[in-house]
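The values are calculated or read from the model by the stated rules, or taken from the named source; none is laboratory data. All values derive from a computational prediction rather than experimental measurement. Cβ placement follows ideal geometry from the backbone for every residue including glycine, while neighbour counts extend to all protein chains displayed. The accessibility values were calculated without ligands, DNA or RNA, using every heavy atom of the protein model including side chains. Shrake-Rupley method; radii C 1.70, N 1.55, O 1.52, S 1.80 Å.
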Amino acid sequence: GLITDEAVIEWLPEGKIKKAEPTKNGDPPGSLRVLLHSLTSPYTTPSDDTASSSSSYSQPVSLILALPRPLQLGRILPMVAQLGVDHLVLTSAQKVPKDYFGSHLFRKPNELRRHLIEGLCQAGDVKIPKVTVVRRLKPFLEDDLDSMFPLDEYAR
């Protein structure tokens, strides 16, 4: 991602609310607009020329996640895409019921893709994360983890 030391936060009132105070039910009184100025890449050095410093460089991020309930997975997928995860591995765990793998999200791959695209739209990104479904955690950790995520390329 990019970093900055300068930001402007502006409160945008909504509806009849005129004060920047929480409403009676505790909700925020409106929206906040955050403007970031002079974004720079943390991966460029001061000696880099301006042409190379304008190109963005991002480290690949992979996430290994025990398969949540299908409803929760539908809520998590957009957030995973927003965070810029490149590779999502959904796996079983001791307390994950096997019937979660029969979820509508896995029977209809377009539904899974729709949730990921929803998150990308919010983030303004265009790269859909690769999703791998692993039904057995222990064989995955013993056999496939090193080939998918080599120690010399990934921090784990």
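Rundown of residues vs (1) open to solvent by 50 Å² or more (accessible area, probe 1.4 Å); (2) in contact with a helix residue (DSSP H, G or I) (Cβ under 7 Å, 6 or more places away or on another chain), yes/no style:
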position	(1), (2)
Lys95	yes, no
Gln122	yes, yes
Ile128	yes, yes
Thr132	no, no
Glu142	yes, no
Ser147	yes, no
Leu151	yes, no
Pick from the range 117-156 the residues that are touching a strand residue (DSSP E or B) at 6+ places or on another chain (Cβ under 8 Å) and assigned to a helix (DSSP H, G or I): which of them is nearest to Pro60 (Cα to Cα)?
Met148
Selection status of Val80, under 17 Å from the mean Cα position of the chain (by Cα), outside any loop (DSSP other than H, G, I, E, B) and among the aliphatic types (A, V, I, L, M)
yes
Sort out which residues of the range 104-116 are surrounded by 14 or more Cβ atoms within 10 Å (Cβ to Cβ) and farther than 16 Å from Val89 by Cα, and write them in order of number.
Glu111, Arg114
Taking the range 106-152, which residues are hydroxyl-bearing (Ser, Thr, Tyr) and under 19 Å from the mean Cα position of the chain (by Cα)?
Thr132
